Amino acid sequence: MIPRFQGKVVVVTGAGSGIGAATATRFHDEGAIVVLNGRRESKLHEVSAALSSDRYMIGAADVSTAEDVETLVSSVIRQFGKIDIVVNNAGTGAVGDFLTMPVDRWRDFFAVNVDGIFSMARVTLPHLIKSRGSIVNVSSLSGLGGDRGLSFYNATKGAVSNLTRSLAIEFAQKGVRINAVSPTTVLTELTTSVFEQYPELLARLLERIPMGRAAQPEEVASVIAFLASDDASFVNGVNLPVDGGVDASSGQAPFM
């Protein structure tokens, strides 16, 4: 594998499992120094144990808390002197009826999915301007359109997708590229447990995917790495669907 990120310092939030763990591993395999962030330190150690070198830092913190973000970034700068890439992957979500989902869940979703990215961007952008770095946000196909039963989640991911566009325009001339990936169904620890409980849900989701299967976390991680790399040096402000062709559909029932 070509070491596109040799010597780069990459912060990955939500790195304890799923897309975050796969992304941290991908950057590390390509030569980066990886900061593994998440709320559960034990999960971060599990991920780090599988890395092939000590080019990593465990940064346990809750990105929904601005003070935690400031402490995390300060410790990274203190140890490495710079930040080159930020991957805002930490997120949460649940299925539920709009009228019965507790209001507290709305606030919780926004605290992690939106406030976390807001805080990370505010604190890291001064450092990314110095390094002429990059941010990749993990949005969702649910941030590009609506879903029945996902109104709370849709609202947060829609905010992520449009914040990505706005920041990309604002910081482009300062040398920072900002993009997002928008995955569809991905098989992670979290989603697999849900699908085991509700197999009919997975079947319905797969019917909408032209490739006929869900994504693996590593497939999303490879797109994140592309957007953060010099291979995407003129790509800025995109919400790139990683969806097996879902976004290509008009939404109509198949004619054949």
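Excluding same-chain pairs closer than 8 in sequence, count the lysine pairs in the chain whose Cα atoms lie under 26 Å apart. Lysine pairs, 8 or more places apart or on different chains, close enough: 10.
Here the mean projected area of the convex hull built on the C-alpha positions of segment 1-141 is 9.0 nm².
Peptide packing: for 117-129, 199-211, the average count of neighbouring Cβ atoms within 10 Å per residue gives the ranking 117-129, 199-211, highest mean first.
Residues whose amide H lies under 5 Å from that of M57, counting only those 5 or more places away or on a different chain, are V34, V35, L36; hydrogens are built 1.01 Å from N in the peptide plane. Rounded to the nearest 0.05, what FRET efficiency is calculated for S249 and Y198 with R0 set to 30 Å and r the Cβ-Cβ distance? Using R0 = 30 Å, I get an efficiency of 0.85. When you filter the trypsin sites (Lys or Arg not before Pro) in segment 1-82 for DSSP loop state and at most 12 other Cβ atoms inside 10 Å of their Cβ, you are left with R40.
Sequence-ordered 3J(HN,Hα) estimates for segment 46-57 from the Karplus curve with 6.51, -1.76 and 1.60 and θ = phi - 60° stand at 4, 5, 5, 5, 8, 6, 8, 8, 9, 7, 7, 9 Hz, glycine and proline given as x. Calculated on the alpha-carbon coordinates, the convex hull of the chain measures out at 134 cubic angstrom per residue. Working note: Karplus 6.51/-1.76/1.60 with θ = phi - 60° gives segment 169-175 the couplings 5, 5, 10, 4, 6, 9, x Hz, where Gly and Pro are set to x. Ordered by the count of other Cβ atoms within 10 Å of each Cβ, fewest first, V12, V186 give V186, V12. Rounded to the nearest whole Hz, the Karplus-based 3J(HN,Hα) values (6.51 cos²θ - 1.76 cosθ + 1.60, θ = phi - 60°) of segment 109-115 follow the sequence 4, 5, 4, 7, 6, 10, 4, with x at glycine and proline. Given the rule -39500 (n - 2.57) for each run of at least 4 DSSP H residues, summed and divided by the residues of the chain, what is its mean residue ellipticity at 222 nm, to the nearest 500 deg cm²/dmol? Rounded to the nearest 500, it is -13500 deg cm²/dmol. For segment 101-245, the extents of the C-alpha atoms along the principal axes are 49, 37, 24 Å, listed from largest to smallest.
Since every read-out is calculated from the coordinates, none of them should be taken as a lab result. Keep in mind that this is a model prediction, so the values were computed, not measured. Virtual Cβ from ideal backbone geometry, glycine too; neighbours counted across all protein chains shown.
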